[in-house]
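Derivation of every value follows stated rules applied to the coordinates shown; laboratory data play no part. Owing to the predicted nature of the structure, the values given are computational and were not obtained by experimental measurement. Every residue, glycine among them, receives a Cβ derived from its backbone with ideal geometry; neighbour counts consider all protein chains shown.
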Amino acid sequence: MTLSAKPVISSKLPDIGTTIFTVMSKLALEHHALNLSQGFPNFDVAPELTSLLDKYTRKGFNQYAPMTGVQVLREALSEKTSALYGVNYDPETEITVTSGATEALFAAISAVVSPGDEVIIFDPAYDSYAPAIRLNGGIPVYVTLTPPDYTIDWQEVKGKISDKTRMIIINTPHNPTGTVLSSEDLNQLAALVRDTDIFVLGDEVYEHIIFDGLPHHSLLTHPELKERSFICGSFGKTFHITGWKIGYCLAPKDLSVEFRKVHQYLTFSTFTPAQYALAEYLKTPENYLSIPAFYESKRDQFLSAIAGSRFNFKPSQGSFFQNVSYEALTDENDFDLAVRLTKEIGVASIPVSVFYHQKNDFKILRFCFAKDRETLEKAGEKLSKL
Ligand SMILES: Cc1ncc(COP(=O)(O)O)c(C=O)c1O
């Protein structure tokens with residue numbers, strides 16, 4: 001046997017490179033472009049929240065938090081869920097605080113997916129689902145959603161269910177398309193998974209970023225689905241603190257037991273002072289009840305800024321994102337156009353093909369409108385000149 005000078009890693013994710021978000025943000029920086037690509041806000045956090053973080057850091061809450069999250073935050077989440085939806089989760093056994101929703105998604109997938117299991121995901125999809133499934137030996141099975149409505153064909157989903165299907169991942173409001181599920185969608189999903197061993201993973205990080213008075217149809221509002229669902233949320237999205245990376249998972253006790261086993265060895269616990277700060281901040285419901293109107297006005301600022309452009313769009317129903325079709329403008333592929341717009345007119349976006357595993361190009365760009373008024377107006381001006 002010849003010994004190599006250095007061990008060589010056999011990659012578990014050989015096809016995965018630098019994400020498009022890094023690529024576009026770097027390009028935006030190099031060309032001094034307005035960055036409407038990555039989904040993060042460019043405005044300040046509520047001063048009350050930063051003061052609370054300061055308060056709890058100074059008070060000495062700086063050591064490991066309990067594995068499941070600090071009790072006051074789990075209680076605050078339980079109260080909020082029961083006030084908003086009339087549904088109860090036991091803070092002791094059914095709520096776990098995580099390091100962002102990304103960790104919660106990974107832990108839920110790891111808790112149930114074994115090698116060879118299939119997981120149904122809807123393309124275009126947030127980019128962490130498929131790698132998390134594959135790292136656990138699972139097989140992503142894709143259902144493709146197409147513009148302009150991106151509605152789910154539940155008969156197609158039924159056709160993709162096999163005796164190996166272990167999980168279905170739902171994301172509402174949806175990144176990148178800005179669409180939301182209806183209560184009828186939940187009924188259809190419930191009918192498909194009834195009497196099966198299929199779990200449901202709900203990515204509901206945009207729960208409070210939903211517009212035009214539309215209700216958020218959380219999986220937890222459907223009693224049958226609630227019993228088999230892991231529901232992931234993110235304070236990063238709700239309170240514009242994406243860098244704090246605080247998320248959580250709501251799941252019935254038996255599911256939470258397994259979820260916590262993974263979480264325990266993935267991160268063990270989550271940033272302590274921020275958990276206390278958030279628990280106190282949640283005591284004022286207006287802090288989250290005001291979020292839909294806040295982002296709806298941002299969506300509307302962006303839409304009126306591009307109203308005179310040659311882009312076609314349906315107003316986003318939820319999330320930080322507005323998708324636009326550029327078919328009337330050019331037949332370039334979406335990646336090339338996103339790069340050209342960043343370099344030539346100074347506005348960065350994300351080509352939606354990157355969210356499809358087969359890179360389907362429907363001539364759509366995704367713009368993030370979680371930006372201050374000035375940025376949105378300037379971007380609109382530039383885009384309208386095309
Ligand atoms: C749909 C979706 N799920 C999860 C996340 C990750 O949330 P967190 O930053 O709390 O990990 C994001 C962030 O962009 C997202 O868009």
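Database remark: amide H of Thr165 closer than 5 angstrom to the amide H of Glu118 (H placed geometrically; neighbours at sequence offset of 5 or more, or on other chains; Pro and chain starts carry no H). Across the range 268-358, the convex hull enclosing all Cα atoms gives 176 Å³ per residue. Full extension of the chain segment joining Asp300 with Ile139 gains 54.0 nm, where the gain is 0.36 nm per residue of separation less the Cα-Cα distance. Here is the P(r) of the range 60-287: all C-alpha pair distances, binned every 10 Å from 0, give 8, 35, 38, 17, 2, 0 in whole percents. Between rounded, prolate and oblate, where does the range 1-82 land on the alpha carbon gyration tensor, with a ≥ b ≥ c its root eigenvalues, rounded for a/c under 1.5, else prolate if a/b exceeds b/c? It is oblate, given that a/c is not under 1.5 and a/b is not larger than b/c. Shape analysis of the range 184-267 places it in the oblate category; the axes a ≥ b ≥ c from the Cα gyration tensor give an a/c of at least 1.5, with a/b not above b/c.
With R₀ set to 25 Å, the beta-carbon distance separating Lys26 from Glu332 gives a calculated FRET efficiency near 0.75.
In the frame of its principal axes, the chain has Cα extents of 57, 56, 56 Å, reported largest first. Highest mean packing first, where packing is the average number of other Cβ atoms within 10 Å per residue, the peptides 357-365, 61-69, 101-109 line up as 101-109, 357-365, 61-69.
Choose one answer from Glu184, Glu227, Glu94: the residue with the largest mean-square fluctuation in a GNM of the chain with alpha-carbon springs under 10 Å. The residue that fluctuates most here is Glu184. Comparing Val262, Val352, Val45 in a Gaussian network model of the chain (Cα springs below 10 Å), the most mobile by mean-square fluctuation is Val45.
Taking 0.36 nm per residue of separation and subtracting the current Cα-Cα distance, fully stretching the chain between Gln63 and Glu280 would add 76.3 nm. Using the average count of surrounding beta-carbon atoms within 10 Å as a protection proxy, the listed peptides 231-237, 133-139 rank, highest first, as 231-237, 133-139. Using a/c under 1.5 as the rounded threshold, could you call the range 96-184 rounded, prolate or oblate? The axes a ≥ b ≥ c are square roots of the C-alpha gyration tensor eigenvalues, and prolate needs a/b larger than b/c, oblate otherwise. In terms of gyration-tensor shape, oblate. Along the range 95-106 the Karplus relation, 6.51 cos²θ - 1.76 cosθ + 1.60 evaluated at θ = phi - 60°, assigns HN-Hα couplings of 10, 10, 8, 10, 7, x, 5, 4, 5, 4, 4, 5 Hz to successive residues, with x for each Gly and Pro. Database remark: amide H of Val141 closer than 5 angstrom to the amide H of Val119, Ile120, Ile121 (H placed geometrically; neighbours at sequence offset of 5 or more, or on other chains; Pro and chain starts carry no H).
Here's the list of lysines a cross-link from Lys80 could span, going by alpha-carbon distance under 26 Å and ignoring same-chain residues fewer than 8 apart: Lys55, Lys59, Lys226, Lys237, Lys245, Lys253, Lys261, Lys283, Lys298. Think of it as helices only: each DSSP H run of n ≥ 4 in the chain is worth -39500 (n - 2.57), and spread over all residues that comes to -11000 deg cm²/dmol at 222 nm. The simple spin-label model puts a point 7 Å past each Cα toward its Cβ; for Lys314 and Tyr85 those points are separated by 2.4 nm. Couplings for the range 323-329, taken from phi via the Karplus curve 6.51 cos²θ - 1.76 cosθ + 1.60 with θ = phi - 60°, read 8, 10, 9, 10, 4, 6, 9 Hz in order; Gly and Pro are left as x. A simple spin-label model places pseudo-atoms 7 Å from Cα toward Cβ; at Asp54 and Val72 they are separated by 1.8 nm.
Compute the signed sum of charges (Lys and Arg +1, Asp and Glu -1) over the other residues within less than 12 Å, Cβ to Cβ, of Leu386. Net charge around Leu386: +1.
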